[in-house]
Amino acid sequence: MKYLLALGLFLFIALPARAAEDEAARAARWDNLRHVVFGDRVLHDGTGVIALEAPTRAMDAALVPVAITLSGAKPVKAVYLLVDGNPSPLAGTFHFGPAIDPHLLKTRVRVEQYTLMHAVAETTDGELFVTERFVKAAGGCSAPAGSDQALALREIGRMKLTLTGDPVPGQPELAELLIRHPNNNGMQMDQLTRNYIPARYIQTIHVTYNDRLVFDFDADISLSEDPALTFAFIPDGPGDLQVTVEDTAKAVFKRSFAVTPQRS
């Protein structure tokens with residue numbers, strides 16, 4: 001009884017200490033990471049400018065949904081998404097063009113361990129604003145592929161675009177882009193051969209509307225299998241939303257989606 005009481009007291013004292021230690025380690029990791037990515041530039045508190053949503057505890061560490069909303073008065077030219085605890089923390093960077101409505105971005109990422117995520121907005125005048133979120137997930141980067149690899153390679157590069165409503169010229173239109181790609185990062189093991197699957201993942205996604213840039217997205221190994229991107233663009237009339245995707249094998253996939261806005 002005395003042993004159990006002593007053990008309980010030890011755990012009661014040790015757990016908060018361990019939590020504080022983990023928090024300190026996460027803070028130190030972010031401090032190092034921010035200097036690697038942004039140098040000595042000042043990162044301002046993003047409250048009122050940028051918000052990041054992600055599940056506190058992810059259902060699937062290989063498919064963690066994230067949403068970034070921008071609400072500041074200053075125009076934003078780029079958004080950086082970082083998963084601090086991943087082997088390659090900079091999951092992706094959005095570079096905005098004149099045809100974007102940047103208020104909402106969504107995608108899915110892999111998460112390798114309990115970690116902080118950070119989203120950073122860069123305004124057109126060069127200021128940086130940051131927000132963070134803590135996510136409990138583990139093993140997402142090395143998790144086995146969720147689909148048949150042979151089938152995934154046969155269908156690689158297929159795309160689907162879904163619009164949420166009837167487009168109106170000059171008004172933001174929300175779109176969801178799905179891209180068929182295994183996005184192997186070199187950490188997954190083939191469950192039959194027990195060999196590691198060679199890395200092959202999407203590096204860039206280029207989206208335009210009537211030759212006006214919506215966004216360029218520079219991706220890395222943290223992006224999930226079969227990436228999904230939700231974004232808003234501003235149609236200036238009937239035209240084509242054109243998507244060009246390039247992966248690390250230098251394969252290029254292109255698709256054009258006709259958009260016919262209704263009269264305003």
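Laboratory data are not the source of any read-out in this text; all were calculated from the coordinates shown. The structure presented is a predicted model; accordingly, all values stated were derived computationally and were not measured. When we count neighbours, we look across all protein chains shown, and the Cβ atoms used for this are built from the backbone with ideal geometry, even at glycine.
The table below lists the values:
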{"quantity": "Charge tally in the Cβ shell below 9 Å around G140, where Lys, Arg are +1 and Asp, Glu are -1, G140 excluded", "calculated": "-1"}
{"quantity": "Which of V36, A249, L90, positive extreme of dipole for the chain (C-beta unit charges)", "calculated": "A249"}
{"quantity": "The chain: Lys pairs at Cα distance under 29 angstrom, eight or more positions apart or on different chains", "calculated": "11"}
{"quantity": "Three-way shape label, the chain, alpha-carbon gyration tensor, a/c 1.5", "calculated": "oblate"}
{"quantity": "Cα long-axis angle, helix 2-38 against the chain (0 to 90 degrees, to the nearest 10)", "calculated": "40 degrees"}
{"quantity": "Cut-off 9 Å between beta-carbons: net charge of the residues surrounding D84, Lys and Arg +1, Asp and Glu -1", "calculated": "+1"}
{"quantity": "Cα→Cβ-extended label distance, 7 Å offset, between Q242 and F134, nm", "calculated": "4.7 nm"}
{"quantity": "Nearest-20 debye value, the chain charge dipole, Cβ charges on Lys, Arg, Asp, Glu", "calculated": "580 debye"}
{"quantity": "For region 159-173, Karplus couplings with θ = phi - 60° (6.51, -1.76, 1.60), whole Hz, Gly/Pro x", "calculated": "10, 9, 10, 10, 9, 7, x, 8, x, 10, x, x, 10, x, 10"}
{"quantity": "Dimensions in Å of region 209-264 - Rg and Dmax from alpha carbons", "calculated": "13.5, 43"}
